Every structure is written in C-alpha cells, then in structure tokens.
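Trainee: Below you'll find the structure I mean.
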Amino acid sequence: MIRRFWAAVIRPIDMPLLATAATLIGIAFVVLASASPDRLASQAVNITVALVVMRVVAQMSPQRLMHAALPLYLTGVALLIAVALFGDVSKGARRWLNIGVTRIQPSEIMKIAMPLMLAWYFQKREIAIRFHDYLVAAALLLVPVGLIAKQPDLGTAILVLSSGFYVIFFAGLSWKFIIGLGVAGLGAIPLVWPLLHDYQRARVLTLFDPESDPLGKGFHIIQSTIAIGSGGLFGKGWGQGTQTQLEFIPERHTDFIFAVVSEEWGLLGNLVLLVIYLLLIARGLTIAANAPTLFTRLLAGAITLMFFTYAFVNMGMVSGILPVVGVPLPFISYGGTALVTLFLGIGILMSIHKNPMLVQK
Amino acid sequence: MEFKNPEAGLEQFRSRINVVGALVLGCFAILLLRFLWLQVVQYNYYKTRAEENRISLSPVTPNRGLIVDRNGVVMARNYSAYTIEITPSKVARLDQTIDELSKVINIEPKDRKRFKKLLEESKNFESLPIRTRVSDEEVARFIANRYRFPGVDIQARLFRQYPFGSFASHMLGYIGRVTDRDLDKIEEQDQDENYRGTEHFGKAGLEQHYEFELHGRSGFEQVEVDSGGHAVRTLARTPPISGNNLTLTVDAKLQEIAEKAFGDHKGALVAIEPSTGGVLAMVSVPNYDPNLFVDGIDSTNWDLLNNSPDKPMVNRALNGGYPPGSTFKPYMALAALEYGKRTPEQTIFDPGFYNFGGHQFRDDKKGGHGTVNMYASIVQSCDTYYYMLANDLGIDNIAKFMRQFGFGQKSGIDIAGESEGVLPSQEWKRARFKKPEQQKWYAGETISIGIGQGYNTYTQIQLALAVATLANNGVMYKPHLVKTITDTRTGHITTVEPNPIKTIPIKPENLEVIKNAMIGVNKEGTGARAFAGAEYVSAGKTGTAQVFSLKGKKYSEGGTKEHLRDHALFIAFAPAEKPTIALAVLVENGGFGAQAAAPIARQIFDYYLLGKVPAAPAAEDSAGEDQ
C-alpha cells in the first residue's frame with residue numbers, strides 16, 4: 001500500500017533532475033547555516049512548498065500546460081499593469097501588488113509565463129513560421145519586459161527578456177538576424193544609456209572601477225571580490241569566513257550568497273557548484289532535445305537556459321565581471337519566490353520528460 | 001524564413017541545442033578563469049584585504065607621567081573615571097538629545113557651555129564629553145537607558161588631576177584638549193603615530209615644556225571589527241608605556257608657605273638654590289585652578305579668568321616685567337668697585353637731592369643721608385649715592401655689567417614663554433624707538449637707572465637668578481624646576497645636572513664688600529625689622545618700584561589708590577656665609593619693599609632653614625622704613 005503510494009508519488013519525477021536540484025538544496029542549507037542560521041527553518045518551509053509545486057506540475061501533461069499559457073500570460077500582463085498603477089513602493093521600486101491577503105510580485109510570474117506563452121504561440125504557427133511571427137513574438141515579449149524594467153527591476157526584466165529570447169532563438173530565428181540584433185544592440189547602448197536610472201548607470205560604471213567609490217556604490221562588489229579572492233583554493237572553512245561572519249558581505253543570504261560559498265569553500269566549492277549547474281543544464285538540454293513537440297522543445301530549452309542565466313549572471317556579478325542586478329543564485333539563495341519559480345521550471349521539465357505518449361504527432 | 005518539414009525543424013533545434021551547450025561551457029569557462037584569477041593569482045592580495053577589513057588597530061593612550069616635588073609629594077596625577085560622550089555626527093538633534101540625557105544624568109549649565117565650546121573647536125566625528133566624572137549611580141542609570149541614546153557612549157577615561165587645586169598652578173601649568181596648533185607641534189616632533197589616541201596636550205607650565213616626556217608611548221590593540229566598525233574581540237595588545245615621572249627641585253611645602261605668605265596680595269616670588277640653580281619655589285599670585293582646563297573649560301570660567309583685572313592667567317614670575325627699584329643698588333655698587341669708580345670707603349655727601357642737567361633728583365629721605373660710604377649707601381638705601389654713581393659709570397657700562405648677571409635676558413628656565421625684560425642702553429634705545437629724537441640716549445636718563453627706575457624692567461626669575469649668582473660668588477647656574485626624570489618602565493632615573501652657565505669674573509674682595517653690606521641691610525638697615533631675631537645670618541636688599549610718577553609730590557600711601565601704590569621688592573639670600581637659598585619677591589602695590597616683601601622672605605627662610613611653619617600670612621610691617 002505504502003509502496004504503491006510512493007511509486008505513484010515518484011512516478012512523474014525525473015531522478016537526475018531531482019538529484020542535481022536536491023544537491024544544490026543541500027549545499028544551500030550548509031551555506032545558509034553559516035551565513036544566516038536563523039533563516040534555516042523558513043527556508044525549509046520554502047523548499048517544501050517548492051517541492052510540492054514541482055510534483056504537482058510534473059504530474060500535469062504538456063497539453064494542460066499549453067492550455068494554461070495564454071490565461072497565465074494575460075493575467076501576468078494585467079497584474080503588471082495593475083502594479084504600474086496601484087503597486088506598493090518598496091526601496092524606491094514599484095514591484096509589489098497588494099491583493100488583500102498578501103503581497104505578490106507579478107514580474108516573477110512572467111519568468112515562467114513568458115516562455116510558456118511564446119512556446120504556445122510558435123506551436124500554433126508550427127506549420128509555417130513566418131517572419132512576422134517573430135515580430136508578434138517580439139511584441140509579446142517586449143510589452144511585459146518594458147513594464148518590469150519600468151518598475152524598475154532590471155534583474156527580472158533581463159531574466160524574462162532572456163527566457164523569451166531563448167524561445168525565439170530555438171524557434172529558428174536566423175543567425176543573420178541574431179547577429180544583426182547583437183550589432184544593433186551594441187549600437188543602441190549610447191541611445192539606451194540616457195534612459196537608464198542613475199543607480200543603474202552607476203552599477204555599470206562601478207563594474208569597471210569599483211574602487212572609485214569604495215564605501216558607496218562600489219562597496220558590495222569590492223567586499224564580495226575580497227571574500228572570493230581571500231577564499232583561495234580550499235576556503236576558510238565553514239563558519240570561518242571573516243567577510244561573511246563579520247558582515248562585510250551585503251545581502252549574504254540572498255543575492256550575494258555565492259561570495260559566502262567562495263570564501264568558506266574556496267575554488268573547490270566554486271568548481272562543485274559549476275559542475276552541478278552544468279549537470280542540471282545538460283539534463284535539461286537533453287530533455288529538450290528529446291522532447292516530442294515544438295512547444296515542449298522550446299519550453300524545455302528556454303527553461304533550462306533560464307537556469308543557466310540565473311547562475312551565470314549571479315556568479316558573474318558577485319565576482320565582479322557583470323553589473324549588479326537583482327538575480328539570485330538558483331537553488332542556493334534564500335527566498336521563497338525564486339525557489340518556487342525554479343522548481344516550477346523543474347516540474348515543467350519533468351512533465352515534458354515523462355509524458356511523451358500524450359503528444360500528438 | 002520558414003520551414004514546413006518537422007524533421008528539418010528538429011534537426012535545426014538540436015543543432016542549436018549544441019550551440020547553446022557550447023555557449024554554456026564557454027560562459028562557465030569565463031567564470032572559472034575569473035575564479036582562478038581571484039582565488040589563485042590574486043589570493044595573497046585579497047587575503048590581506050580581508051585581514052585589513054577585519055582587524056582594526058586602535059591606540060591605547062598611555063598614562064601621563066606624574067609630577068612630584070623634591071620630597072615625593074604628588075602635584076599632578078591621573079585618576080580613572082567614567083565620562084558620557086556624544087559623537088555629534090551620529091546625533092540628529094543635539095539639543096534634544098542633551099535635554100533627554102539630562103533626565104538620566106545630572107547635566108549642569110556649565111556642562112552644556114563647555115560642550116558647546118568643545119563643539120566649536122572640534123571636528124564632527126570626534127566624541128566629546130558632555131559629562132565627566134560620572135558617579136556610579138549615574139553610570140547605572142545611563143546604561144539602563146542607553147538604547148534611547150544612539151551616538152552617546154560611556155567611556156572610562158584617565159583624567160589629569162592637580163590635587164592641590166590652584167596651588168602652584170603657574171609652575172605646573174595644565175593640559176587641555178589637543179588643538180590644531182598642538183598637532184603641528186606633534187608633527188614637528190614626528191610623534192603623529194604616538195599621539196593617535198591622545199586627547200590631551202600640555203598647554204602651559206611644566207605640562208607644556210615636558211609634554212613629550214610626560215606623554216609616554218601609546219600602546220596598540222588589534223581588534224576584530226565587523227562591517228559597522230564595532231569591536232568583536234581583541235586579538236592582540238601592545239601595552240602602552242606610561243610617561244616619565246618628573247621630580248621637581250621645588251619643595252611643595254615651601255611653595256605652599258610662600259603662596260600663603262602673600263595673603264591677598266598679587267605678586268611673584270622665585271627662590272633658587274644658588275649652588276645648583278634648582279628652583280625651590282616659584283610663585284605667581286593670584287593663581288587659577290588648572291583642573292578647570294582638563295575636560296575643556298566652560299566659557300563662564302574662561303571669561304572670568306581672562307577678563308579679571310587681577311590677570312590670574314599671567315605668570316608674573318616669568319612674564320611680569322617690573323622695575324627693580326633699590327634692589328638694583330648692590331649690583332650698581334659692585335659695578336663701581338669692578339670699574340674702579342668707587343672704593344668701599346669713599347664717601348659722598350647727600351643733601352637730600354642730586355642736581356643734574358637742571359633737574360633735581362630727590363632722595364627719598366627728607367634732608368638726605370648726610371655723609372655716606374658704600375656700606376651705608378646699601379644699608380640705608382641712599383638714592384643720591386647712586387644718582388652720582390650712575391652718572392659716573394655711564395649707561396653703557398651699567399648695561400654691560402648688568403648683562404653678566406642675566407638682567408634683560410631669558411634665564412632659560414624650563415617653562416616656555418619667559419619674557420626678556422628691558423636692560424636699557426644706548427643701543428637698546430636706538431632699536432626701540434623710531435624717531436631720531438627719541439632714539440638718542442640722554443645722560444639724565446642714566447641717573448634714575450642708578451636706583452632701579454626708568455626704562456629698566458626685569459622679571460622676578462631674573463632678579464632671583466642675579467641674587468643667586470651673587471650669593472654663589474659669581475657662578476651662575478641655569479635655573480631649572482625639574483630635578484630628575486624617571487622612566488616608569490625601567491626605573492631609570494635621569495638627573496638634570498646643575499648647569500654652570502658662566503662664572504662672572506669679580507674680585508672676591510669686592511664681592512665681600514657687597515655681601516657684607518647686604519648682611520647689614522637685614523641686621524641694621526631697611527630689612528632689619530623683618531629679620532629681627534632671626535637665628536641665621538641673612539643678606540638682603542629692599543626695593544620699591546614706582547607705579548607712576550608723582551611729579552615732585554610727596555608719595556603718601558594712604559592717599560594713593562591701591563592699584564597705583566608702589567610695588568614692593570626684596571632680594572635676599574641665606575645663610576649669608578654659605579647660602580643655600582636665594583630669592584626675589586615682588587608684591588604688587590605692596591608699598592615699601594621692607595613693609596610687604598621682606599616679611600615674606602623671612603617666613604620662607606625660617607621654614608627652609610629652620611623648619612618653622614608660620615601661623616599667618618606675612619604681616620605688613622607698617623612701621624618699616626625704606627630708602
């Protein structure tokens with residue numbers, strides 16, 4: 001009885017994916033126990049919720065996900081507009097929407113809703129994807145990204161933009177066009193630059209010369225690079241990182257938790273993290289490559305690359321080669337919302353992997 | 001840009017998966033290179049940076065050296081007490097905070113005033129005391145309410161204390177909070193590092209002159225700090241080395257007797273041991289309480305001290321320039337002998353005046369002293385004898401001779417800011433005045449110099465040094481207050497060796513004549529009343545310095561306002577045969593020297609030579625006669 005129940009529970013679960021995610025969660029606990037021990041209990045709650053979400057989604061068929069795409073996307077956009085009109089301001093940004101019971105951050109929904117929507121759209125046009133379809137996709141992408149960037153929440157905007165772009169890329173946007181876009185993007189920097197907020201510009205400039213303002217804008221990045229560098233090959237040991245324990249690393253349980261890993265576990269710890277992320281991405285890309293339909297392929301590919309984007313942008317910014325944007329280290333940073341989103345993505349990958357039969361040819 | 005074949009689409013998709021895979025590997029490789037750069041190549045640099053972050057070196061202020069008298073009586077010491085301090089930059093509304101604070105601890109208007117003054121003088125990030133010497137009960141109350149006062153801290157600090165209050169204040173001086181001017185001096189001495197945690201600096205007197213001896217070496221504490229700069233724990237500690245202790249040549253008891261002897265009078269006194277130059281007592285009254293300056297003086301007290309007509313902040317012993325009056329006469333007589341202008345036996349006739357250049361110089365004694373030889377001229381203080389002598393010697397001879405005894409020059413005592421005084425000569429007058437008619441020296445001006453009036457003004461340290469040199473047969477020792485400097489750590493004692501700066505070539509027989517006459521002063525002359533019944537033989541000379549010219553009128557004490565009364569002076573040494581103490585006393589507006597100044601000298605000699613402690617301040621000898 002119990003055995004059969006257990007078998008039913010784990011049936012839709014993809015073990016390699018779960019194993020990599022679980023390893024990351026395990027690492028997260030060890031690191032959090034050093035960086036901010038009093039948050040362990042609430043992070044355990046977050047993980048439980050996220051695992052339940054994962055299991056529920058993994059159970060769903062890709063068709064049901066397809067059906068959810070348009071309503072989810074429209075709801076997301078509607079909420080983003082609502083945020084722009086009535087949102088709560090916190091730390092100078094209008095990101096939250098108070099819905100009576102609790103406050104929600106609609107931009108978070110778009111991280112999943114966006115690839116879902118675009119994958120759905122391309123699936124609908126599968127027989128003959130024309131150039132104007134890319135234009136429609138671009139419009140579907142840029143409207144919510146614009147709303148998020150306006151909040152302002154550059155980190156989420158970049159994540160949503162990239163997740164949508166990955167779908168368009170996998171859908172077959174020609175290389176010429178991609179390269180053209182890249183060149184145009186570089187050319188647009190001088191045009192976009194004046195539109196950025198002062199603090200956003202400062203973050204970019206700080207990247208090139210953090211020591212110009214060591215106690216102000218450069219402080220985060222200087223302290224995190226000191227933490228990483230002083231970790232050396234094998235780290236200072238768990239609970240022994242002076243930068244961490246003496247609170248020189250800002251946001252050390254959330255966006256800058258990678259500095260804690262680096263300081264206390266050294267290059268070795270960083271390598272372990274990189275390898276696990278690679279395994280996770282490799283597994284995701286394998287699932288995408290073997291997915292039966294265009295929708296599932298695009299969705300799996302985009303979600304997998306979203307994991308990559310999270311990891312690369314976060315480690316890049318903490319180690320000082322990318323500007324500081326609010327992107328957490330996937331599965332490691334403390335925080336419920338990001339964790340649920342990530343496990344939702346894992347659940348979708350599992351759903352795609354375990355439901356090949358239900359796909360129409 | 002379209003494809004209808006799903007198989008072709010799948011193939012393209014898979015090729016793009018491969019491209020993406022390569023891209024992912026590439027990006028991770030970049031990260032890995034970055035980690036290698038930071039954690040391997042730059043490891044040592046970042047390790048050092050992390051250590052610098054973590055460890056803060058905080059200076060530990062050394063205990064200031066003590067100042068004790070020659071018998072070990074402590075005159076300046078330190079004690080530890082709590083202070084409540086405010087860092088203005090961390091407090092939004094200062095006045096409101098102080099109001100709130102005053103409900104917890106006792107804050108008086110003078111504390112507020114002092115704080116305001118400190119605030120004006122300080123930089124914003126310093127923590128400044130609002131209350132010092134907080135009681136244990138107040139400490140407890142403050143700690144219980146501490147959370148309400150961000151930017152307000154309690155500190156254990158060492159305080160300088162002058163246990164006898166205003167006693168000997170001009171000699172000891174005081175310390176106060178370090179100012180920019182002090183910082184320049186610290187930099188000059190290359191002591192910046194050593195003074196990093198130091199808040200006080202010697203401002204006057206011995207505290208100032210021996211600042212770098214008294215300060216000691218700062219210790220350092222390696223403290224682990226968090227990002228907010230709060231100390232987490234102490235890692236290592238280099239203890240501070242206390243400053244050196246100063247042992248003075250001064251006898252505190254003698255100093256006390258001397259100060260009390262002045263009663264309510266203003267004035268100055270310097271007593272020197274002739275054979276070493278060691279200062280036994282140095283008085284300038286009125287005094288001030290140096291304790292007021294230690295925590296920063298409040299504006300009320302500061303104004304009170306600075307605006308007082310009695311000028312308590314002026315060290316009269318070193319900075320008060322007064323005409324020497326008749327105390328100049330023994331030196332004039334000695335000059336006459338040395339220059340061969342007089343013999344001891346040679347007499348003059350004093351009709352009570354001396355005419356020169358159409359002007360009559362009056363003798364103080366109506367009708368004059370009659371026939372007077374050198375001995376009588378000193379014992380009776382005959383003016384006419386010296387009017388004539390001054391004219392015979394000439395101003396430049398007088399100046400040349402007097403210069404040897406240190407008149408008109410800094411004595412070199414170990415307290416800064418000593419005045420030079422004025423030893424007039426033709427050359428001095430040329431330099432002093434601008435207009436040619438003023439620059440010329442008139443022979444008539446020499447006459448009053450003979451009796452210690454006119455242009456000349458000297459400090460009491462100069463008078464004391466001169467009489468000590470005379471007592472010591474012409475050998476001049478540099479006057480000094482510090483006898484030994486003790487290294488508190490090693491116990492090593494550095495002795496300030498008596499420094500014979502010169503030997504004035506004087507014939508012993510001439511010296512004998514002068515000394516003998518000065519003994520006569522105290523035996524049968526103007527000092528006889530003050531020294532009646534003394535169990536030792538002393539030598540002295542009274543003097544009176546005119547505060548303003550009477551223009552021919554007879555000076556009458558009762559009819560002259562207190563601040564216009566003459567200054568009383570007295571120089572003396574004892575025992576006459578082998579002097580162990582020599583002194584100069586000045587009593588401002590004290591009238592005749594014999595009246596006000598000589599009795600003070602008597603009390604000092606009685607105590608120093610016989611151990612007699614006087615019962616009351618030196619009584620004014622109203623019947624005394626002078627000049």
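Trainee: With the structure loaded, tell me whether B:L66 is more than 14 Å from every other protein chain (Cβ to nearest Cβ) and closer than 30 Å to B:V250 by Cα or whether it fails that test.
Mentor: So B:L66 fits the description; yes.
For every residue, the table says whether it meets (1) of a type in the set (A, V, I, L, M); (2) under 30 Å from A:I287 (Cβ atoms); (3) within 9 Å of chain A (Cβ to nearest Cβ).
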| residue | (1), (2), (3) |
| --- | --- |
| B:L33 | yes, yes, no |
| B:Q39 | no, no, yes |
| B:Q42 | no, no, yes |
| B:Y46 | no, no, yes |
| B:V60 | yes, no, no |
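Trainee: A further question follows. Kindly indicate whether A:E126 is open to solvent by 40 Å² or more (accessible area, probe 1.4 Å) and either out of contact with any strand residue (DSSP E or B) (no Cβ under 8 Å at 6 or more places or on another chain) or modelled with pLDDT under 85 (or both).
Mentor: yes
Trainee: I need the full set of residues from the stretch B:233-264 which are more than 21 Å from the chain's Cα centre (by Cα) and not in a strand (DSSP E or B), in order please.
Mentor: B:P239, B:P240, B:S242, B:A261, B:G263, B:D264
Trainee: Let me ask something else about it. Applying the selection to the stretch A:310-343, what residues are open to solvent by less than 10 Å² (accessible area, probe 1.4 Å), within 14 Å of another protein chain (Cβ to nearest Cβ) and part of a helix (DSSP H, G or I)?
Mentor: Those that are open to solvent by less than 10 Å² (accessible area, probe 1.4 Å), within 14 Å of another protein chain (Cβ to nearest Cβ) and part of a helix (DSSP H, G or I): A:Y310, A:A311, A:N314, A:M315, A:G316, A:M317, A:V318.
Trainee: Condition (residue is surrounded by fewer than 22 Cβ atoms within 10 Å (Cβ to Cβ) and within 26 Å of B:L57 (Cα to Cα)) applied to the stretch B:206-215: is it met by at least one residue?
Mentor: The answer is yes, given that some residue of the stretch B:206-215 is surrounded by fewer than 22 Cβ atoms within 10 Å (Cβ to Cβ) and within 26 Å of B:L57 (Cα to Cα).
Trainee: Of the residues that sit in the stretch B:442-461 and are among the hydrophobic types (A, V, I, L, M, F, W, C) and assigned to a helix (DSSP H, G or I), which one is nearest to the chain's Cα centre (by Cα)?
Mentor: Taking the candidates together, the pick is B:I461.
Trainee: Are there any pairs, at least 6 apart or on different chains, whose C-beta atoms fall under 6 Å, with the first in the stretch A:114-135 and within 14 Å of another protein chain (Cβ to nearest Cβ) and the second surrounded by fewer than 24 Cβ atoms within 10 Å (Cβ to Cβ) and part of a loop (DSSP other than H, G, I, E, B), and if so, which?
Mentor: These pairs meet every condition: A:A128/B:E2; A:I129/B:E2; A:R130/B:E2; A:F131/B:M1; A:D133/A:R125; A:Y134/A:L173.
Trainee: Would you please name the residue that is farthest from A:M306 (Cα to Cα), looking only at residues in the stretch A:239-271 that are more than 8 Å from chain B (Cβ to nearest Cβ), aliphatic (A, V, I, L, M) and outside any loop (DSSP other than H, G, I, E, B)?
Mentor: Of everything passing the filter in the stretch A:239-271, A:L268 is farthest from A:M306 (Cα to Cα).
Trainee: On to the next question. Could you grab the pairs with beta carbons closer than 6 Å, sequence gap of 6+ or different chains, first residue in the stretch A:68-96 and touching a residue at least 24 places away in the same chain (Cβ under 8 Å), second one surrounded by 13 or more Cβ atoms within 10 Å (Cβ to Cβ) and in a loop (DSSP other than H, G, I, E, B)?
Mentor: If the second residue must be surrounded by 13 or more Cβ atoms within 10 Å (Cβ to Cβ) and in a loop (DSSP other than H, G, I, E, B), the pairs left are A:A93/A:Q151; A:A93/A:P152; A:R94/A:G87; A:R94/A:Q151; A:R95/A:Q105; A:R95/A:Q151; A:R95/A:D153.
Trainee: OK, next. What's the total number of residues in the stretch B:51-80 that are surrounded by fewer than 18 Cβ atoms within 10 Å (Cβ to Cβ), among the hydrophobic types (A, V, I, L, M, F, W, C) and farther than 17 Å from B:M282 by Cα?
Mentor: Number satisfying all stated conditions: 3.
Trainee: Let me ask something additional. For the stretch B:408-441, name all the residues that are in a loop (DSSP other than H, G, I, E, B), open to solvent by 30 Å² or more (accessible area, probe 1.4 Å) and among the aliphatic types (A, V, I, L, M).
Mentor: B:A416
Trainee: Under 20 Å from the mean Cα position of the chain (by Cα), more than 8 Å from chain B (Cβ to nearest Cβ) and at pLDDT 95 or above: does that describe A:L274?
Mentor: For A:L274, the condition - under 20 Å from the mean Cα position of the chain (by Cα), more than 8 Å from chain B (Cβ to nearest Cβ) and at pLDDT 95 or above - is not met.
Residue-wise test of (1) under 30 Å from B:D364 (Cβ atoms); (2) of a type in the set (A, V, I, L, M); (3) part of a loop (DSSP other than H, G, I, E, B).
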position	(1), (2), (3)
B:L463	yes, yes, no
B:N473	no, no, yes
B:M476	no, yes, no
B:T484	no, no, no
B:R489	no, no, yes
B:K515	yes, no, no
B:T526	yes, no, yes
B:K541	yes, no, no
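Trainee: Restricting attention to the stretch B:490-522, which residues are farther than 16 Å from B:N472 by Cα, of a type in the set (A, V, I, L, M) and within 26 Å of the chain's Cα centre (by Cα)?
Mentor: The answer is B:I493, B:V496.
Trainee: Determine whether B:A530 is over 24 Å from B:G278 (Cα atoms) and touching a Pro at 6+ places or on another chain (Cβ under 9 Å).
Mentor: For B:A530, the condition - over 24 Å from B:G278 (Cα atoms) and touching a Pro at 6+ places or on another chain (Cβ under 9 Å) - is met.
Trainee: Is one or more of the residues making up the stretch A:223-238 more than 22 Å from B:Y45 (Cα to Cα) and either in contact (Cβ under 8 Å) with a residue 24 or more places away in the chain or part of a helix (DSSP H, G or I) (or both)?
Mentor: No: zero hits.
Trainee: Hey, another quick one. Would you pick out the residues in the stretch B:175-184 that are touching a residue at least 24 places away in the same chain (Cβ under 8 Å) and open to solvent by 30 Å² or more (accessible area, probe 1.4 Å)?
Mentor: Matches in the stretch B:175-184: B:R177, B:T179.
Trainee: Now for a different question. Kindly establish whether A:A302 is part of a helix (DSSP H, G or I), surrounded by 22 or more Cβ atoms within 10 Å (Cβ to Cβ) and out of contact with any Cys (no Cβ under 7 Å at 6 or more places or on another chain).
Mentor: The answer is yes for A:A302.
Trainee: Residue by residue through the stretch B:397-407, note down the ones that are of a type in the set (G, A, S) and surrounded by fewer than 22 Cβ atoms within 10 Å (Cβ to Cβ).
Mentor: Result: B:A399, single match.
Trainee: State whether one or more residues within the stretch B:321-336 are assigned by TED's automatic domain parsing to the domain that holds B:E259 and either under 19 Å from B:S169 (Cα atoms) or free of Cβ contacts under 8 Å to residues at least 40 places away in the same chain (or both).
Mentor: There is no residue in the stretch B:321-336 that is assigned by TED's automatic domain parsing to the domain that holds B:E259 and either under 19 Å from B:S169 (Cα atoms) or free of Cβ contacts under 8 Å to residues at least 40 places away in the same chain (or both).
Trainee: I'm trying to understand the selection: among the residues of the stretch A:78-99, which are small (G, A, S), modelled with pLDDT of 75 or more and either touching a Pro at 6+ places or on another chain (Cβ under 8 Å) or farther than 12 Å from A:P144 by Cα (or both)?
Mentor: A:A82, A:G87
Trainee: When the residues of the stretch A:142-167 are narrowed to those that are open to solvent by less than 10 Å² (accessible area, probe 1.4 Å) and among the aliphatic types (A, V, I, L, M), which ends up nearest to the other protein chains (Cβ to nearest Cβ)?
Mentor: Here the residue is A:V167.
Trainee: Here's a follow-up. Starting from the stretch A:21-37, keep only residues that are under 14 Å from A:L329 (Cα atoms), then list their pairs with residues that are among the aromatic types (F, W, Y) and open to solvent by less than 30 Å² (accessible area, probe 1.4 Å) whose Cβ atoms are within a distance under 7 Å, requiring at least 6 positions of separation or different chains.
Mentor: A:A21/A:F331; A:L24/A:F331; A:I25/A:F331; A:A28/A:F331
Trainee: Sticking with this structure for a sec: Looking only at residues that are open to solvent by 20 Å² or more (accessible area, probe 1.4 Å) and among the aliphatic types (A, V, I, L, M) in the stretch B:311-327, which one is nearest to B:H480 (Cα to Cα)?
Mentor: Selected residue: B:V314.
Trainee: Something else about it: Is it the case, given these coordinates, that A:V275 is within 30 Å of A:I222 (Cα to Cα) and open to solvent by less than 10 Å² (accessible area, probe 1.4 Å)?
Mentor: Criteria not met by A:V275.
The values are calculated or read from the model by the stated rules, or taken from the named source; none is laboratory data. Bear in mind the structure is a predicted one, so any value in this text is a computation, not a measurement. Positions of Cβ are generated from backbone atoms using ideal geometry, with glycine treated the same way; all protein chains shown enter the neighbour counts. Ligands, DNA and RNA are stripped out before the accessible areas are found, and what is left, the full protein with its side chains, is counted by its heavy atoms. Shrake-Rupley method; radii C 1.70, N 1.55, O 1.52, S 1.80 Å.
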